[in-house]
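Below: the structure, in structure tokens.
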Amino acid sequence: MGGRIELWQVLCQNWFSRYVPVDGVTLDLGAGACEFINNIVSVKKYAIDHNPDVTSFAGADVTCIVAELEVGLQSLEDNHVDRIVVSNVLEHLPNRECLYAVLAECYRVLKPGGKIIVMQPNIRVVKERFYDYSDHSLPLTEKGMAEALASNGFSIEELRARFLPYTTKSRYPRWPALVRLYLRCRPAHWFMGGQMFIVGQKGDGADN
């Protein structure tokens, strides 16, 4: 595959689109170069990132909020967002307290029944390779991440200990057809996957 943009085009079309409603409000938390939010179909799109360059990466249909994660979330109204996608972000947080503060804000801004989708390195799988990147500071297993979500009110809808490979520099399939095949082949995830994939859901409020 030629590059990260092409990779995310395939991931959004063939994987994330099943989780993100086209008529909903979607937030890319820690959007970086906006590869996800630019390629997903959603009627309203937000990107939060502390790097002001996010505004130059984002498409014209994306509303950018330049701020640290918790602060950026605080600028959104309660029960406003249908989906939050957090890809390779939470491992950069300094500690558990910061993680819980971010997840609490995610719960607040999600609509009842809304979902948070988390993809990040799984320390249980990648082990010491987690620290190959100097800005990785918060190691979590899939069980630890699920516990953090549950502690902040989310029910766990889906949990995969292994999903995508740890980095795009690894033995990742490069061509679109191979990426699509990889996504459909669950056994390949167990051999090559280094990142967890978790979906947490906010309660629908029916009992309130």
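The values are calculated or read from the model by the stated rules, or taken from the named source; none is laboratory data. Being a predicted model, the structure only gives us computed values, none of them experimental. For neighbour counting, all protein chains shown are included, and Cβ atoms are generated from backbone atoms with ideal geometry for every residue, glycine included. These area figures cover heavy atoms from the full protein model, side chains too; ligands, DNA and RNA do not enter into them. Shrake-Rupley method; radii C 1.70, N 1.55, O 1.52, S 1.80 Å.
Using a Cα distance threshold of under 20 Å, what count of lysine pairs results for region 68-208 when pairs must be 8 or more residues apart or interchain?
6
Can you figure out the FRET efficiency of Val43 with Glu147, using R₀ = 35 Å and their beta-carbon distance, to the nearest 0.05?
0.60
Using 0.36 nm times the number of residues separating Asp204 and Ser17, minus their current alpha carbon distance, what extension gain do you get?
My answer for the length gained is 65.2 nm.
Determine the gain in length on full extension of the stretch Lys127-Leu178; use 0.36 nm per residue of separation and subtract their C-alpha separation, reporting nm with one decimal.
So the extension gain works out to 15.7 nm.
Given N residues in region 1-79, what is Rg(Cα) / (2.2 N^0.38 Å)?
1.07
Using 14 Å as the cut-off for backbone N distance, which residues of region 45-80 belong to the label zone defined by a point 7 Å from the Cα of Ile5 along Cα→Cβ?
Those under the cut-off are 56-60.
Students sometimes get this wrong: rank Glu142, Glu157, Glu97, Glu128 by accessible area, probe 1.4 Å, all chains present, largest first.
Order by accessible area, largest first: Glu128, Glu97, Glu157, Glu142.
Grab the DSSP H runs of the chain that are 4 residues or longer, score each as -39,500 (n - 2.57), total them, divide by all residues and round the 222 nm result to the nearest 500 deg cm²/dmol.
Taken over the chain, the calculation gives -9000 deg cm²/dmol.
Percent of accessible area on the chain owned by carbon and sulfur, 1.4 Å probe?
Here it works out to 52 percent.
For the chain, which longest stretch is free of loop sites, where a loop site is one of the trypsin sites (Lys or Arg not before Pro) that DSSP puts outside H, G, I, E and B and that has at most 14 other Cβ atoms within 10 Å?
Formally, the longest exposed-site-free interval is 1-168.
If I model a spin label as a point 7 Å beyond the Cα along the Cα-Cβ vector, how far apart are those points for Asn51 and Glu77 in nm?
The modelled label-to-label distance comes out at 3.1 nm.
I'd like to check one number: the per residue accessible area of region 28-134, probe 1.4 Å, reported in Å² as a whole number.
44
Where both partners of a DSSP beta bridge lie in the chain, what percent of those bridges are antiparallel, to the nearest 5?
DSSP beta bridges in the chain are roughly 40 percent antiparallel.
How would Val66, Val41, Val10 line up by accessible area, probe 1.4 Å, largest first?
The most accessible residue leads, giving Val41, Val66, Val10.
Highest GNM mean-square fluctuation, the chain, Cα pairs closer than 10 Å: which of Asp78, Asp28, Asp135?
Top of the fluctuation ranking is Asp135.
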